[in-house]
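The values are calculated or read from the model by the stated rules, or taken from the named source; none is laboratory data. In this text the structure is predicted, and so the values were computed from the model without any measurement. We place every Cβ from the backbone using ideal geometry, glycine too, and count neighbours over all the protein chains shown. The accessibility values were calculated without ligands, DNA or RNA, using every heavy atom of the protein model including side chains. Shrake-Rupley method; radii C 1.70, N 1.55, O 1.52, S 1.80 Å.
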There are 2 protein chains.
Amino acid sequence: MDTHPASSADGARVVRRAVSLLREVSAARGNGATLKVLADSAGLPQPTAHRLLKVLQDEGLLERDAASRAYRLGSLLYEFGLAAVPRVDARRLCAGTLERITRAVGDTTYLNSRSGNDALCLDRREGSFEIHALPIEIGNRRPLGVGAGALAVLASLPSAEADAVIEANAKRYRRHGLTAERIRIYVEAARARGFAITSGRIVARYRGVAIAVGNGIGGVPASLSVVAVAERLDPRRIEQVARILIREEKSLREMLSIAPDSHNESPVP
Amino acid sequence: MDTHPASSADGARVVRRAVSLLREVSAARGNGATLKVLADSAGLPQPTAHRLLKVLQDEGLLERDAASRAYRLGSLLYEFGLAAVPRVDARRLCAGTLERITRAVGDTTYLNSRSGNDALCLDRREGSFEIHALPIEIGNRRPLGVGAGALAVLASLPSAEADAVIEANAKRYRRHGLTAERIRIYVEAARARGFAITSGRIVARYRGVAIAVGNGIGGVPASLSVVAVAERLDPRRIEQVARILIREEKSLREMLSIAPDSHNESPVP
DNA sequence: CCTGGAATTCCACAATGTGAAATTCAATGT
DNA sequence: ACATTGAATTTCACATTGTGGAATTCCAGG
């Protein structure tokens, strides 16, 4: 009946489903995600999810906590990650920038990038001030738009694309007490302001300031952000932090436009 | 016909196949592997492999070099890798050891671990002497037994298990100009000697010395190895290097037995 | 222009994966 | 101790999904 299934949907449903489970597991914070949660966040019937998760576990892509029954990413994925050196290494390119921002503001700093409809935490520097209950770990994902860093990335996308992302993430926003509508408003605000801030209601008690990186790092949209307990980020301080971010983003952007991609094979004899 | 195919082979063939393709891609050196190669090293008919690879690429687990048509690990795997922090981080635990060995010998040093039937290069320190045509990169895999580091790991396994691995890898050894029989001899030699050395014929021009780490790191068999151009490793020098490795392995082993696993969640309020 | 090896597409067929329903298990409240 | 509830797991009859041999296209080298 419906002629247009989706995109290149040839013989591969299971694989797609399996990968989407991996994504869900990877999106789960802290101690992993339970079958139930994974099943319906991936939109799969429970038994199906169960079967697939079992295989993934058996293959080493996932591990399972004996006590909580929760799934987490497995060691094989870690190993693949070692081998999958990105053509342009955002982490390394931004290391200095992150360092400098952290020293300047004293709070925790993040490097985020876009991955599909998610924002991904690529790197982080802990500020001296931070209460050590850091909300976001390296490798964590959340829907684009949720949190300052993720919001800056979303706002940096071309309108049409941003809309598509928001559309696709609509359901997921609920879980964070948000709606697509609200996100659209935030995006507008961030665009108008030139940088993104969060109310401190998304991740309770915390507030963030973030700026998008030029037009991305190696073509991938990205952002730099600073997060602190809400009290530490009153309007005055937000301005200060924003100024620092703007400055650092500018010099990073210049650096990126000069830096040749981080070739591994240098043609030098 | 045969009633029970293999192990827990419930509804999952495709996923298993897909994963084994990922493994093959990850095993491929340098600039990736071509469809043909992947298809038959994974034991799949070409069209099937093609179809699966296409999906994996589409999902971001693989990338494809436009020119050479070769597949390589994709950015999503890198991202998963960031999130998949291992419960006990061998790389970090051995950083000091590796550093010290490299300073002491001046040649390139490797940390290897077992991953299934493969040896995996977990980390590496470049020695001052090294001609910069390093054969093995972080994340690379080769069959257990091929190369000094991989041989030490293999030799450290219980006999029965080592035999099983050798058996399973038999076909793959061919590609390195080796045979299961020869590997068995090497393993015996390594066990007798207490450390592993390679003839310099496996990776031409290079020779290696390696020692297994106690009974592994966090339960995973591992080894420390030193690789240099063959001329630099005459018998006398091999002895010197071995002595250093033995010493460092011992202190590493002691350190590991004290060090609590790197818990992330401390139960402190 | 041909030729051989690789990549890609086709498509008839059935094995593989599916998911509703039933069952077991574990935690929690009474 | 005994229900009660919600999650995890197993089962199984069914058809959708994935299969792979064969045919086709695409290139690179001669």
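Table for the structure above
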{"read-out": "Sole residue being within 16 Å of DNA strand C (Cβ to nearest atom), closer than 27 Å to B:Arg51 by Cα and open to solvent by less than 70 Å² (accessible area, probe 1.4 Å), chosen from A:Leu73, A:Leu82, A:Leu52", "value": "A:Leu52"}
{"read-out": "Residue in segment A:57-68 that is nearest to DNA strand C (Cβ to nearest atom), counting only those that are within 10 Å of chain B (Cβ to nearest Cβ) and in contact with a helix residue (DSSP H, G or I) (Cβ under 6 Å, 6 or more places away or on another chain)", "value": "A:Glu59"}
{"read-out": "Helices (runs of 4 or more DSSP H) within segment B:136-249 that include 1 or more residues farther than 21 Å from B:Pro86 by Cβ and touching a Pro at 6+ places or on another chain (Cβ under 8 Å)", "value": "B:159-174"}
{"read-out": "Selected residue [surrounded by 17 or more Cβ atoms within 10 Å (Cβ to Cβ), away from DNA strand D (no atom under 16 Å from the Cβ) and of a type in the set (A, V, I, L, M, F, W, C)] from A:Leu111, A:Leu22", "value": "A:Leu111"}
{"read-out": "Residue in segment B:187-202 that is among the charged types (D, E, K, R), open to solvent by 30 Å² or more (accessible area, probe 1.4 Å) and without any contact (Cβ under 8 Å) to a residue 24 or more places away in the chain present", "value": "yes"}
{"read-out": "Selection count, segment B:131-169, where residues are away from chain A (no Cβ under 14 Å) and open to solvent by 20 Å² or more (accessible area, probe 1.4 Å)", "value": "9"}
{"read-out": "Condition check for A:Arg91: under 19 Å from the mean Cα position of the chain (by Cα), surrounded by 17 or more Cβ atoms within 10 Å (Cβ to Cβ) and within 12 Å of another protein chain (Cβ to nearest Cβ)", "value": "no"}
{"read-out": "Residues satisfying the stated conditions in segment A:1-19, i.e. within 11 Å of another protein chain (Cβ to nearest Cβ) and either more than 9 Å from DNA strand D (Cβ to nearest atom) or at pLDDT 80 or above (or both)", "value": "A:Ala6, A:Ser7, A:Ser8, A:Ala12, A:Arg13, A:Val14, A:Val15, A:Arg16, A:Arg17, A:Ala18, A:Val19"}
{"read-out": "Filter pass, A:Leu122 being closer than 23 Å to B:Asp123 by Cβ, within 14 Å of another protein chain (Cβ to nearest Cβ) and part of a strand (DSSP E or B)", "value": "yes"}
{"read-out": "Test: residue in segment B:36-49 that is open to solvent by less than 10 Å² (accessible area, probe 1.4 Å) and more than 14 Å from every other protein chain (Cβ to nearest Cβ)", "value": "yes"}
{"read-out": "So A:Glu126, is it free of Cβ contacts under 8 Å to residues at least 24 places away in the same chain and charged (D, E, K, R)", "value": "no"}
